[in-house]
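Notes to accompany the following structure.
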Amino acid sequence: MKRFEILILPTALLMFVAVWYLIQPWCQYNLDSDCVAYLTHANSAATGDFQRSVNGLWSPLNGWFLIPFIQKGMSAWQAAQWVNAFIGMGVLLISYLLFKQWIFSRKQLAVATFTLSVILPVLCFYQMFGDLLSVFFLAMYLYLLVKIKQWKFLHTCLVALIAGFAFYAKAYSVAWFGLHFFLFCTYLYVQKVWSMRQALVHLLLAATVVLVLILPWSILLYQKYHHFSLTGHAGTLNMSWFINSGKTFREDIQLLIPPVCEGSPSFWEDPYLSQGDLSTPFSSGLHFLKWIRRIVYNIILLFGCLSEIHVLSWMTLILSVHLLYKRRKKFEPKLWVLVSAAITIPLGYLMVALETRYIWLEIPILMILGLYLLNHSIHSRFKIVFVGLFFIGSLIYPMRALDFMKDKNKSLFETAERLREQGIHGKMTSNASDAGSMWVIAYLSQNSFYTIEQSDYTLTTLKTEMTRYKVKYFLQVNENNLIANCSSDTSFQLITRLPGIDVFEYKGFLD
């Protein structure tokens with residue numbers, strides 16, 4: 001039986017690799033607009049333009065991992081897939097170590113680890129940047145909390161170090177670490193493990209280490225934007241966009257939103273530079289009410305997100321909280337750490353925006369809590385059957401995600417290839433309602449896309465703006481050709497027809 005336990009992790013890693021290779025042909029086209037921004041920053045840093053890669057929205061660590069691969073000649077997109085596969089295996093390893101702190105049955109340990117080895121390859125392709133890497137660091141943090149018996153100052157420095165690196169993976173990670181570690185210190189104080197002075201010293205030490213780690217990035221952001229923000233501008237931007245149900249641009253931007261740099265695929269590389277006044281919940285009474293409405297919406301959304309992760313997520317969490325409450329007079333830091341983590345992970349996202357991928361850390365936590373509850377409520381030789389059924393519930397989300405990703409955006413790769421083959425290169429715009437797909441095409445075809453985020457403009461306005469920026473091409477999406485239809489305008493010359501798109505060359509600014 002000991003040999004069986006030794007083989008669990010190697011077998012799970014082999015399963016991970018097999019599943020990754022099996023689904024890669026299906027998922028290799030899942031390049032979206034956010035990925036384009038990350039890849040653009042990685043390419044800039046790899047070619048020596050590090051200052052351009054500094055930005056206040058996109059966390060840099062994933063992109064930095066790509067730099068040596070790009071410098072060796074590998075495409076950034078291919079490198080991103082490989083790097084994320086290694087990150088996924090890292091998450092599997094840390095989760096296995098976390099499982100071992102809780103699961104003492106070898107069969108249950110195998111079921112949990114093998115299930116996760118099937119889920120993680122799907123997540124690797126579902127979101128290429130930020131989310132999975134932050135899970136790696138935060139799972140490592142939780143592992144240390146439940147592993148270490150006698151907490152010392154060195155351990156506080158270690159978890160703060162992990163949190164600092166997690167910030168560069170996803171800025172929210174350091175905010176959640178601050179909240180959870182504060183609650184952890186408070187718990188040890190309430191349980192009389194620490195004095196008030198000890199708790200405060202540990203909090204101060206953790207804050208100092210984190211500050212030292214993230215301050216260099218804050219200084220770089222200040223040098224670029226001349227506006228200081230300790231943790232970047234992601235929260236500020238997203239808050240404003242969701243409160244206003246859209247973006248607000250500088251006064252000099254009218255119809256076309258230009259890329260932030262020459263040769264950039266779109267303004268999405270660094271949207272902060274094109275934004276006008278950004279709203280906060282306290283900008284006005286109306287903005288505050290809109291923020292409250294957004295929070296209520298996100299709370300409702302949370303039910304669906306947790307149910308995606310596992311159909312019994314809510315029941316597992318409620319029963320875990322109930323069990324923790326019943327044992328409140330006992331000192332059980334391991335149970336407290338996981339339950340408090342599961343409850344607090346979504347809290348910050350409820351203030352702004354929430355998606356299931358933001359709370360992927362819940363997956364290994366809910367697996368552990370589910371097994372813990374099963375082991376305390378079912379005492380029968382058929383327990384392994386209930387364990388198996390519980391873990392089958394974890395597979396619904398990745399199976400749905402896999403179906404969603406099958407050949408997704410393959411047509412964008414094909415369109416970009418056609419543009420390259422026909423020598424269409426330069427500045428372009430489009431009447432497409434989905435501008436994000438055009439950013440992908442622009443990146444893949446090495447063009448610059450001038451985004452339109454309005455739907456009530458005229459052909460005259462479009463021509464004026466294309467002349468202003470010297471935009472050479474107009475990609476007319478046929479399903480949206482009632483907006484700025486240039487088919488009969490002599491300033492536009494039809495070059496080629498692609499599936500669903502007519503490509504026109506604009507001659508107006510040459511007259």
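The values are calculated or read from the model by the stated rules, or taken from the named source; none is laboratory data. Owing to the predicted nature of the structure, the values given are computational and were not obtained by experimental measurement. Using ideal geometry, Cβ is built from the backbone for each residue, glycine included, and neighbour counts are taken over all protein chains shown. Heavy atoms of the whole protein, side chains included, go into the accessibility calculation; ligands, DNA and RNA do not. Shrake-Rupley method; radii C 1.70, N 1.55, O 1.52, S 1.80 Å.
Brief remarks on what is shown
- Unit charges on C-beta of K, R, D, E only; dipole of the chain, Debye: 2820 debye
- Alpha-carbon gyration tensor eigenvalues x 5, square-rooted, for segment 152-249, Å: 31, 16, 10
- Using alpha carbons only: equivalent-ellipsoid semi-axes of segment 1-68, gyration tensor based, whole Å: 35, 16, 10
- Protection proxy ranking for 157-166, 307-316, using the average of other Cβ atoms within 10 Å per residue and placing the highest first: 157-166, 307-316.
- Helix 153-169 and the longest principal axis of the Cα set of the chain meet at an angle near 20°.
- With contacts taken as Cα pairs under 8 Å and at least 6 residues apart, the chain reaches a relative contact order of 17 percent.
- At R0 = 45 Å, FRET efficiency that the Cβ-Cβ distance of ILE384 and ARG293 yields, to 0.05: 0.45
- When the pairs LYS170/LYS463; LYS224/LYS247; LYS107/LYS408; LYS290/LYS329; LYS224/LYS427 are compared against a 31 Å limit on Cα-Cα distance, LYS170/LYS463; LYS107/LYS408; LYS290/LYS329 fall above it.
- Average projected area [Cα convex hull, segment 1-134], square nanometres: 9.1 nm²
- Packing here is the average count of other Cβ atoms within 10 Å per residue, and on that basis the peptides 485-494, 197-206, 462-471, highest first, run 462-471, 197-206, 485-494.
- Column: log10 I(q)/I(0), Debye, Cα scatterers of segment 222-379, q = 0.12, 0.16, 0.18 Å⁻¹: -0.71, -0.97, -1.09
- With the alpha-carbon atoms of segment 233-308 aligned to their principal axes, the span from lowest to highest coordinate is 43, 34, 21 Å, starting with the largest.
- Taking the alpha carbon gyration tensor of segment 339-460, multiplying each eigenvalue by 5 and rooting it gives semi-axes of 48, 19, 11 Å, largest first.
- Segment 86-180: radius of gyration and largest Cα-Cα distance (Dmax), Å: 14.0, 39
- Relative contact order for segment 28-140: 28 percent, from Cα pairs under 8 Å spaced at least 6 residues apart, divided by residue count.
- Shape of the chain, Cα gyration tensor, a/c cut at 1.5: prolate
- The long axis of helix 172-190 is offset from the longest Cα principal axis of the chain by roughly 20 degrees.
- Tilt relative to the chain, helix 33-46 - C-alpha long axis, 0 to 90 degrees, to 10: 90 degrees
- Adding -39500 (n - 2.57) for every DSSP H run of four residues or longer, then dividing by how many residues the chain holds, sets the calculated 222 nm ellipticity at -20500 deg cm²/dmol.
- For segment 330-421, applying the loop criterion from DSSP together with a ceiling of 15 other beta carbons within 10 Å to the chymotrypsin sites (Phe, Trp or Tyr not before Pro) yields PHE331, PHE382.
- Segment 93-143: mean projected area of Cα convex hull, nm²: 3.4 nm²
- Solvent-accessible area of ARG106 with every protein chain in place, 1.4 Å probe, in Å² to the nearest 10: 80 Å²
- Counting only protein heavy atoms and a 1.4 Å probe, segment 401-463 has 45 square angstrom of accessible area per residue.
- Amide H to amide H distances under 5 Å link SER430 with ILE452, LEU475, where only residues 5 or more positions off or on other chains count and H is placed in the peptide plane.
- Solution diffusion estimate, µm²/s, Stokes-Einstein, segment 299-403, Kirkwood Rh from C-alpha pairs, 10 °C, viscosity 1.306 mPa s: 109 µm²/s
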